[in-house]
Amino acid sequence: MDKNKIDVIVVGAGPAGVSAAITLARADKKVLLVERGSFAGAKNVFGGAIYVEPTREIFPNFLEEAPIERFTTEHRYALLTKNESTTISYKTRETTKNSCTVIRAKFDRWCVEQAQQAGAYFAPNTVVKKLILDRGKVVGIKTDLEEYYADIVIIADGVNSLLAKQLNMRKTIKPKHVALSVKEVYKLDKQTLEERFNLNTNSGCIYELIGYPMDKELGLGFIYTNKDSIALGIGIGLEDLRKHKLNINDVLEELKQQPLISSLIKDGELLEYSAHLIPEGGYKHIPKLYDNGVLIAGDAAMLVNNLHWEGTNLALKSGKLAAETAIEAINNRDYSANSLSLYQQKLENSYVIKDLKTYKDIIDNITPRAASFFGYYPQKIAEFFEIFTNVNTKPKKQEFRKYIKSWFTDRSLRELIADIFIIIKSVIGVLK
Amino acid sequence: MNINDKLNKLKYNCDTVSHLIPYAADCIECKSKICCTICPAEVYEWDEANRKLIVNYENCLECGACRIVCEKKCINWEYPAKGKGVTFKNG
């Protein structure tokens, strides 16, 4: 046997890749996990928080052993205007462990160590230039140095997936199928952070920022709390950035001037600025997931549920299902597209594709109404609270009547009707 | 905060050759020069005098937005060579 021949090669050591690698290694298959960064996590960016249950499915010991920052016990939804904010908060029990913040440079590295302990080979600093094909079957990878051969290659090379592109397994990505996200991480000493965000020692909160300065675009902001740092970022549809000729860093700078945000990051020392694309095409733009000798998982397969801010969990699950499919194929010595189509079935039977299907129309529905949902309504809600909380010398009834009337007179009535229609359509779309 | 101050915080290992290669003839024809607007690291600048795109590839955050947004689809976008490019410590 060729010295460079192995059962499976997994390209990309993000959550999809590592999940695939560890699942294969646990089944005693020979697996090589390649990563272009100098360590796992070096090129990876997310908000972010990972979800406990889906992560535990792959790493049962992670709560006790992995480098975790804080467990999310509070979700704050802040509707922003330039100078005001209306925040709704959901605080759960302190003992809740549903999601937790992690830093990818630490967490992804830990995950890969687990895969290595299970028997996977890990090759960092390895850039895959292209896939090697033989008679229509993927048989290996060509890196900048060497060629490696395998019965199956699992592509988990992220949102830009140059390998899926090489195989024409997916169409050219259009700006409307991705969001661009930038993030800044600020160092804050632990005590200041906990006082400022009203947190206990291990608890954390997530802010979802809606409205200003992304009041005409399909975009949202976020804040995550780590042990002694916070991550502030925004994600905006690339199509909207293009259409409005916006640089996302300028938008982030505007957000940082908003009073609520500036008070939360005050005196923080900037540690890092990063950017990443988020696949937002959803169900309709999932590429072909398998072919002869090849499977695609994670962001490379566009598996992101943008409404719920889910991505790493879908990556972990799809990586596992890809590996299970590969294991069966190896046992049967059948690496054909027909044999690997099991992966598609497994994904369709799991929450991954079921959820993406549920939300398949959401982005298309909301996109034309972005200025209304992210601009007009946050403004109207702020106006209501301004009236409700301000005590002056005018009779209240007059103020309220004026306010209610404004909902019908600010804009053409058609706008309001269009929004109601979209909300009903979206709710029906999700529940049917 | 100036973009350069932000990029200065990052760990880069710069290559001597660019991993981002726009097709010059297409860039001259391109009306929007949208890469110059969109890039979160301001990698691209249009040099009107020489009618060519300046690519400060050393600052690239490797997000891929330019490749997708380019109206001519003319950027040959590769990952930096092994060990090169940006390393995120807080991703």
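The values are calculated or read from the model by the stated rules, or taken from the named source; none is laboratory data. Please read all numbers here as calculations on a predicted model, not as lab measurements. Neighbour counts are summed over all protein chains in view; Cβ atoms, including those assigned to glycine, are modelled from backbone coordinates with ideal geometry. Please note that ligands, DNA and RNA were not included when accessible areas were found on the heavy atoms of the full protein model with its side chains. Shrake-Rupley method; radii C 1.70, N 1.55, O 1.52, S 1.80 Å.
Listed values, structure above:
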| item | result |
| --- | --- |
| Residue in the stretch A:273-283 that is within 14 Å of another protein chain (Cβ to nearest Cβ), in a loop (DSSP other than H, G, I, E, B) and among the aliphatic types (A, V, I, L, M) present | no |
| Conditions (1) within 30 Å of A:I68 (Cα to Cα); (2) at the interface with chain B (Cβ under 10 Å from one of its Cβ atoms); (3) of a type in the set (K, R); (4) open to solvent by 20 Å² or more (accessible area, probe 1.4 Å); number of the one not met by A:K129 | (1) |
| Residue, nearest to A:K288 (Cα to Cα), within the stretch A:164-212, restricted to residues that are touching a Gly at 6+ places or on another chain (Cβ under 7 Å) and of a type in the set (K, R) | A:K176 |
| Helices (runs of 4 or more DSSP H) (entirely within the stretch A:217-267) containing at least 3 residues that are closer than 22 Å to A:A179 by Cα | A:238-243, A:248-257 |
| Hits in the stretch A:375-394 - residues which are part of a helix (DSSP H, G or I) and open to solvent by 100 Å² or more (accessible area, probe 1.4 Å) | A:F388 |
| Yes/no for A:E53 being open to solvent by 50 Å² or more (accessible area, probe 1.4 Å) and more than 22 Å from the chain's Cα centre (by Cα) | no |
| Matching residues, the stretch A:347-373, being among the hydrophobic types (A, V, I, L, M, F, W, C), open to solvent by 30 Å² or more (accessible area, probe 1.4 Å) and touching a Gly at 6+ places or on another chain (Cβ under 8 Å) | A:I363 |
| Condition broken by B:W77, with the remaining ones in (1) in contact with a Gly (Cβ under 9 Å, 6 or more places away or on another chain); (2) surrounded by fewer than 22 Cβ atoms within 10 Å (Cβ to Cβ); (3) farther than 17 Å from A:N160 by Cα satisfied | (3) |
| Exclusive hit being of a type in the set (V, I, T), under 30 Å from A:K190 (Cα atoms), open to solvent by 10 Å² or more (accessible area, probe 1.4 Å) and modelled with pLDDT of 95 or more, set A:I223, A:I265 | A:I265 |
| Residue check, A:K216 over 18 Å from B:L61 (Cα atoms), within 14 Å of another protein chain (Cβ to nearest Cβ) and open to solvent by 40 Å² or more (accessible area, probe 1.4 Å) | no |
| A:A13 vs. criteria closer than 30 Å to A:R333 by Cβ, open to solvent by less than 20 Å² (accessible area, probe 1.4 Å) and assigned to a loop (DSSP other than H, G, I, E, B) | yes |
| Single unsatisfied condition, A:K397 versus (1) over 24 Å from the mean Cα position of the chain (by Cα); (2) crowded, with 17+ Cβ neighbours inside 10 Å; (3) among the charged types (D, E, K, R) | (2) |
| Whichever residue in the stretch A:234-252 is touching a residue at least 60 places away in the same chain (Cβ under 8 Å) and more than 9 Å from chain B (Cβ to nearest Cβ) and, among such residues, is farthest from A:I206 (Cα to Cα) | A:D240 |
| One residue from A:K245, A:K266, A:K216 being of a type in the set (D, E, K, R) and on the phi > 0 side of the Ramachandran plot | A:K245 |
| Filtered residues of the stretch A:110-126 (kept if within 30 Å of B:N76 (Cα to Cα) and open to solvent by 40 Å² or more (accessible area, probe 1.4 Å)) | A:F122, A:P124, A:N125 |
| Number of positions in the stretch A:138-187 that are part of a strand (DSSP E or B), of a type in the set (V, I, T) and facing chain B (nearest Cβ under 10 Å) | 4 |
| Residue in the stretch B:42-62 that is buried (at least 22 other Cβ atoms within 10 Å of the Cβ) and at the interface with chain A (Cβ under 8 Å from one of its Cβ atoms) present | yes |
| Filter result for A:I88 (open to solvent by 50 Å² or more (accessible area, probe 1.4 Å) and of a type outside the set (D, E, K, R)) | yes |
| Residue match in the stretch A:293-309 (condition: closer than 24 Å to A:K165 by Cβ and of a type in the set (D, E, K, R)) | yes |
| Filter result for the condition that a residue is out of contact with any His (no Cβ under 6 Å at 6 or more places or on another chain) and farther than 23 Å from B:P80 by Cα, over A:G140, A:G158, A:G136 | A:G136 |
| Enumeration of residues in the stretch A:132-176 that are without any contact (Cβ under 8 Å) to a residue 60 or more places away in the chain and open to solvent by 50 Å² or more (accessible area, probe 1.4 Å) | A:L133, A:D134, A:R135, A:K142, A:D144, A:L145, A:K165, A:Q166, A:N168, A:T172 |
| B:I28 under 12 Å from the mean Cα position of the chain (by Cα), open to solvent by 20 Å² or more (accessible area, probe 1.4 Å), more than 11 Å from chain A (Cβ to nearest Cβ) and farther than 28 Å from A:G12 by Cβ | no |
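Condition check ((1) more than 17 Å from the chain's Cα centre (by Cα); (2) of a type outside the set (K, R)) across all residues:
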{"residue": "A:G211", "(1), (2)": "yes, yes"}
{"residue": "A:L218", "(1), (2)": "no, yes"}
{"residue": "A:F222", "(1), (2)": "no, yes"}
{"residue": "A:K227", "(1), (2)": "yes, no"}
{"residue": "A:E239", "(1), (2)": "yes, yes"}
{"residue": "A:H244", "(1), (2)": "yes, yes"}
{"residue": "A:I248", "(1), (2)": "yes, yes"}
{"residue": "A:L255", "(1), (2)": "yes, yes"}
